[in-house]
1. Sort HIS17, HIS106, HIS138 so the one with the fewest other Cβ atoms within 10 Å of its own Cβ comes first.
2. What percentages, rounded to whole numbers, describe P(r) for the chain computed over all alpha carbon pairs with 10 Å bin width beginning at zero?
3. Arrange LYS132, LYS2 by Cβ neighbour counts within 10 Å, fewest through most, would you?
4. Using 1/(1 + (r/R0)^6) with R0 = 22 angstrom and r between the beta carbons of MET137 and GLU49, what's the FRET efficiency to the nearest 0.05?
5. Report the calculated FRET efficiency for ILE130 and LEU108 (r = Cβ-Cβ distance, R0 = 25 Å), to the nearest 0.05.
6. What's the exposure ranking of ILE134, ILE141, going from fewest to most Cβ atoms within 10 Å?
7. If you take the C-alpha gyration tensor of the stretch 72-111, multiply each eigenvalue by 5 and take the square root, what semi-axes do you get, largest first, in whole Å?
8. Take every Cα pair under 8 Å in the chain that's 6+ residues apart, average their separations, divide by the length, and report that relative contact order as a whole percent.
Amino acid sequence: MKIAVFPGSFDPLTNGHLNIIKRASKLFDELVIAVAVNTSKSALFSLEEKVQLIDEAVKDLANVRVITVQGLTVDLFKELKATTLVRGLRDEEDYRYERQIAEMNHQLENSVETIFLMARPQDTYVASSIIKEIVKMHGDISKFVPQNVVQPLTDKFK
Ligand code: ADP
């Protein structure tokens, strides 16, 4: 059984993340989305809120499940007996960062193999951080996030 883990902050889930999830779910028997605490970014949504939003957005994908991860991704990877880590790549900046993380994970746990799915052109400029800035200024973000995320995100800035 090929199990892949897609870790991330997902603060909040965007159409870019969802596209990677849909494509990765076709490549593996099971895809586990691991909502992580990002110690260098302060989160808008709680882990529980993020899990709920992702759960709703992936409800039609039978082999996808959502969990939280508090510790190292590689520890979760071993615990799940996963074969692959999945990450998305938008641009050169992602590439530099992701390359470093992938190598570090491999150094920490030899069995970790990371694969990268390229963002679709329409998603390359979609980033949770920018979307939050737009909502803060009362802009329309409905094109960039799944339908079920729009209201909870808007409510955060009421
Ligand atoms: P992290 O804080 O772990 O980078 P993010 O939620 O920002 O968490 O991103 C999780 C993963 O999704 C990363 O691999 C990131 O490159 C990828 N990703 C983020 N936004 C997009 C997007 N618009 N299209 C494709 N992949 C994306």
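1. HIS138, HIS106, HIS17
2. For the chain, the binned pair fractions read 10, 41, 38, 10, 1 percent.
3. LYS2, LYS132
4. In this case the efficiency is close to 0.50.
5. Efficiency for this residue pair is about 0.25.
6. Fewest-to-most ranking of ILE134, ILE141: ILE134, ILE141.
7. Computed over the stretch 72-111, the values are 21, 11, 7 Å.
8. 30
Quick note: the coordinates plus some simple rules give every number you see, no bench work behind them. If you're wondering where the values come from, they're calculated on a predicted model, not measured in any experiment. Here the Cβ is made from the backbone with ideal geometry for all residues, glycine too, and neighbour counts use every protein chain on show.
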